[in-house]
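Reviewing the structure listed below.
Every number here is computed from the coordinates shown, using simple stated rules; none is lab data. All of these numbers come straight from a predicted model, not from anything done at the bench. A quick note on method: Cβ atoms are made from the backbone with ideal geometry, for glycine too, and the neighbour counts reach across all protein chains shown.
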Amino acid sequence: MVLMLKTKINGQWDIMLPEHRAARPEWKTEQGWEKARLDHMSKNLGKGDVIAYIGAEEGEMPALCQMWGAKVFLIEPNPKVWPNIKAIWEANYLDLPYGYFVGFASNITDRNPSQLNFEDGDRDGWPICSYDEVIGDHAFRQLNEQALFTPQIKIDDTISPITALSIDVEGSEWRVLEGAAETIKRDKPKIWLSGHPEFMFHQYDEYLSDLRGWIKAFGYTEELLDYDHECHLYYEGS
C-alpha cells in the first residue's frame, strides 16, 4: 500500500498525496508550482462547472478542481500514472470523476491504433490500469511520438456541456483545440492553456502566437497569467 502524506500545495491547499509526490520541493517554495495558474483556477472554478482536464498527469491538480466544486473529466495518455490519480482521489475522499479517457485529446478520434497495448474496461468507475502499482518514475507520453500506440479522442466526442478546459500537453495544443472546435463554438468554455512555444515549433513547425489568434477568433479575450517553464494563458468567451 502506498504511503499518503498531507501536503500543502503552494502554501494554499491541503491535499493527501503519495509520498514521492508530497516530497516535490516546488510545493514549498515561495514561487510554488504553476502558482498563478492554480490561483486563478481556484477563483474561477466552482459548483456548476464541468472541466475537461487534459494532461492530468499524477492527478493532484484536477483533484483540486473537484475540491473547488467542479465536475472533472480526466484525460491522460500514460497508463502508468492512473494508479496515482486513483490513489489521490481515494485518499482525499473525492467522489468518482465525472468521466475519463486513457489516451490523448487530439483532432481525431481513434480508439484502436496499431500495436495497441492498452486494456479496455472499467472497474468501479476507474480504468483497469489504475489498479496497478503507484510509482514516481512514470515518464511522459507525447502525441507526436506515440500517436500510433495510444488511443486518441476529440473533445467534441466526449461530454456536453463542458464549461472549462485545462490544457497542458507539451506541444500538441493545436491538435487538442482543433478537436474541441465545436465544443468551443457551442459551450464557450473557459480555457486555461499552458502553451509550449518551443515544443510546438520543434514538433509541428507551429507557432503559439498563431494558436492564440485562432482562439481569439472565436470571440475570446486573452489574459497572460504567467510565463515560467511554459506560457500560462486564460481565455474567456463572450
Q) Check Trp33: other-chain or 5+ apart residues with amide H under 5 Å from its amide H, H built from backbone geometry? A) Asn10
Q: With a Förster radius of 30 Å, plug the Cβ-Cβ distance of His138 and Leu94 into 1/(1 + (r/R0)^6) and report the FRET value to the nearest 0.05.
A: 0.90
(Q) Given axes a ≥ b ≥ c from the Cα gyration tensor, I'd like to know whether the chain is rounded (a/c under 1.5), prolate (a/b larger than b/c) or oblate. (A) rounded
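Given contacts defined as C-alpha pairs under 8 Å and at least six residues apart, what's the relative contact order of segment 33-237, whole-number percent?
20
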Q. Based on the alpha-carbon gyration tensor of segment 47-163 and its eigenvalue square roots a ≥ b ≥ c, which shape applies: rounded if a/c is under 1.5, prolate if not and a/b is larger than b/c, or oblate?
A. oblate
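Stretch His229-Glu198 to full length: gain in nm at 0.36 nm per residue minus the Cα-Cα span? Before the final figure, lay out the partial values.
Working: separation 31, 0.36 × 31 = 11.16 nm, distance 1.07 nm.
Result: 10.1 nm gained on full extension.
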Q. Which of these, Ala87, Ala56, Ala36, has the largest mean-square fluctuation under a Gaussian network model of the chain (Cα springs below 10 Å)?
A. Ala36
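Would you mind calculating the gained length between Lys185 and His20 on full extension (0.36 nm times residue separation, minus the Cα-Cα distance), in nm to one decimal?
Values: separation 165, 0.36 × 165 = 59.40 nm, distance 4.06 nm.
Contour length minus the Cα-Cα distance gives 55.3 nm.
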Q: Quick one: among Leu224, Leu96, Leu74, which has the greatest mean-square fluctuation in a GNM of the chain with alpha-carbon springs under 10 angstrom?
A: Leu224
Q.
Taking 0.36 nm per residue of sequence separation and subtracting the Cα-Cα distance, how much length would be gained by fully extending the chain between Phe218 and Glu236, in nm to one decimal?
A. 5.5 nm
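Beyond 31 Å between alpha-carbons counts as too far, so tell me which of Lys28/Lys216; Lys71/Lys216; Lys86/Lys216; Lys154/Lys216 fall in that bin.
Working: Lys28/Lys216 35 Å; Lys71/Lys216 26 Å; Lys86/Lys216 35 Å; Lys154/Lys216 20 Å.
The answer is Lys28/Lys216; Lys86/Lys216.
Mind sorting Ile153, Ile162 by how few other Cβ atoms lie within 10 Å of their own Cβ, fewest first?
On the way: Ile153 19, Ile162 23.
Listed from fewest to most nearby Cβ atoms, that is Ile153, Ile162.
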Q: Restricting to segment 1-158, compute how many DSSP beta bridges are antiparallel as a %, nearest 5.
A: 45
Q) Say R0 is 22 Å: what FRET efficiency, to the nearest 0.05, do Asn44 and Gln12 get from their beta-carbon distance? A) 0.90
Q: Rank Lys86, Lys190, Lys43 by mean-square fluctuation in a GNM of the chain with C-alpha springs under 10 angstrom and give only the top-ranked residue.
A: Lys43
Q) Using +1 on the beta carbon of Lys and Arg, -1 on that of Asp and Glu, and nothing else charged, what's the dipole of the chain about the Cα centre, debye to 20? A) 640
